[in-house]
Amino acid sequence: MTDKTHLVDHITGHRRMRRIRKADWTRRLVRENQLTVDDLIWPVFVVPGTNIVDPIPSMPGVNRMSVDKLVEAAKEAADLGIPALATFPNIEMELRDETGSQVLEANNLINQATAAIKRAVPNIGVITDVALDPFTSHGHDGILRGDDIVNDETVDQVVRAAVMQADAGADIIAPSEMMDGRIGAIRRGLDAAGHQGVGIMAYATKFSSGFYGPYREAISTSGLLKGDKNSYYISPANGTEAMRDAALDVEEGADMLMVKPGLPYLDICWRLKDAFGLPTFAYQVSGEYAQIKAAAMNGWIDGDRVMMETLLCFKRAGCDGILTYFAVDVAKKLAKG
């Protein structure tokens with residue numbers, strides 16, 4: 001028999017990686033990660049009024065919605081199999097003040113939205129944030145005293161807000177204001193109020209990022225912000241600090257961890273999952289979404305392909321799910337097979 005061994009076989013030791021790539025069925029058989037509708041959390045923006053669907057210019061395809069329209073969107077999401085929504089309010093400017101006091105109104109916009117969604121679509125999860133930036137006149141996530149975002153007073157306030165959000169029907173509280181001690185304080189506050197079943201998804205590593213711009217337009221804080229958020233967000237340069245921050249959240253009782261932004265911090269996603277083993281999520285933030293949409297609209301990339309590729313990357317990096325503005329589009333695409 002003629003020896004058909006090739007030089008390549010000698011070089012590779014007869015190990016050819018392309019053997020398992022040669023056919024669709026083998027590629028499917030050895031696929032390591034897969035994106036499903038169960039991985040999706042849909043961030044949504046709610047505004048006062050009725051019958052409002054207001055497009056956000058910097059986020060093509062994303063709208064601010066009044067509560068009635070958000071309920072309709074929640075029904076669509078549930079029908080597509082999306083497990084949960086994350087709600088963010090854009091309240092009237094006249095209701096915003098130095099301390100974000102509107103967050104403590106039991107019937108404020110975010111709580112109205114939660115109650116309405118849970119009445120109409122009880123099988124979809126509602127995740128709410130207690131950060132104060134949608135409620136402050138200065139755009140910061142906490143209470144501003146002089147030039148200082150005061151930690152402990154902010155924590156006291158977000159605990160009260162978290163209990164009210166749980167009272168309204170929130171399933172998970174996701175505090176994003178990055179104050180020290182907030183996770184433990186919220187856990188104690190929820191338990192004391194009888195909300196032992198309400199989970200906490202910690203924004204465990206929220207970085208001081210340039211990717212948040214379109215979000216700030218969506219909640220109308222971009223023109224309000226005085227100074228920056230570097231005194232409470234994590235520097236993009238600091239991975240070890242991010243791990244220490246996340247470790248405190250784990251110790252304080254977080255049920256789940258989140259990395260924000262997403263794609264620029266895949267290393268942090270992997271490190272968190274490997275270190276702590278808790279359910280880990282990434283937030284594919286507004287700037288990430290806007291980049292993909294803008295490039296696709298200009299014909300520079302295949303938008304659908306890049307959308308799916310980026311979300312799969314989060315799964316490869318160890319994430320259990322992703323908060324993404326693409327959620328409905330992805331769910332529809334997945335439903336088609």
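The values are calculated or read from the model by the stated rules, or taken from the named source; none is laboratory data. What you are looking at is a predicted structure, and each value in this text was computed from that prediction instead of being measured. Glycine gets a Cβ as well: all are built from the backbone with ideal geometry, and neighbour counts include every protein chain shown. The area values use the complete protein model at the heavy-atom level, side chains included, leaving out ligands, DNA and RNA. Shrake-Rupley method; radii C 1.70, N 1.55, O 1.52, S 1.80 Å.
Quick notes
- Equivalent-ellipsoid semi-axes of the chain, from the Cα gyration tensor, Å, largest first: 38, 23, 19
- Total formal charge among the other residues, if their Cβ is under 13 angstrom from that of Leu248, Lys/Arg +1 and Asp/Glu -1: -3
- In the chain, taking the dipole from charged Cβ atoms about the Cα centre, the farthest positive-side position among Gly321, Gly125, Ile110 is held by Gly321.
- Summary of the geometry: the range 155-220 and the range 263-337, compared by the centres of their Cα atoms, lie 22 Å apart.
- For the range 224-280, the normalised intensity computed at q = 0.21, 0.23, 0.25 Å⁻¹ comes to -0.82, -0.94, -1.07 (log10 of I(q)/I(0), Debye sum over alpha carbons, equal scatterers, no solvent).
- Averaging the sequence gap over all C-alpha pairs within less than 8 Å and six or more residues apart, then dividing by the number of residues, gives the chain a relative contact order of 18 percent.
- The residues of the chain expose, per residue, 46 Å² of accessible area to a 1.4 Å probe.
- Those lysines that a straight Cα-Cα span of less than 27 Å connects to Lys22, excepting residues fewer than 8 apart in one chain: Lys4, Lys315, Lys333, Lys336
- Ranked packing of 78-85, 13-20, most packed first, by mean Cβ within 10 Å: 78-85, 13-20
- Prolate is the label for the range 30-96. Its Cα gyration tensor axes, ordered a ≥ b ≥ c, give a/c of at least 1.5 and a/b above b/c.
- Cα gyration tensor, the range 180-274 - rounded (a/c under 1.5), prolate or oblate: oblate
- Sorting Leu334, Leu35 by accessible area puts them as Leu334, Leu35; the probe is 1.4 Å, largest comes first, and only protein heavy atoms count.
- Value of relative contact order over the range 1-101, rounded to a whole percent, pairs C-alpha under 8 Å and six or more apart: 27 percent
- When both bridge partners sit in the chain, DSSP labels roughly 15% of those beta bridges antiparallel.
- Apportionment of accessible area to carbon and sulfur, the chain, percent (1.4 Å): 51 percent
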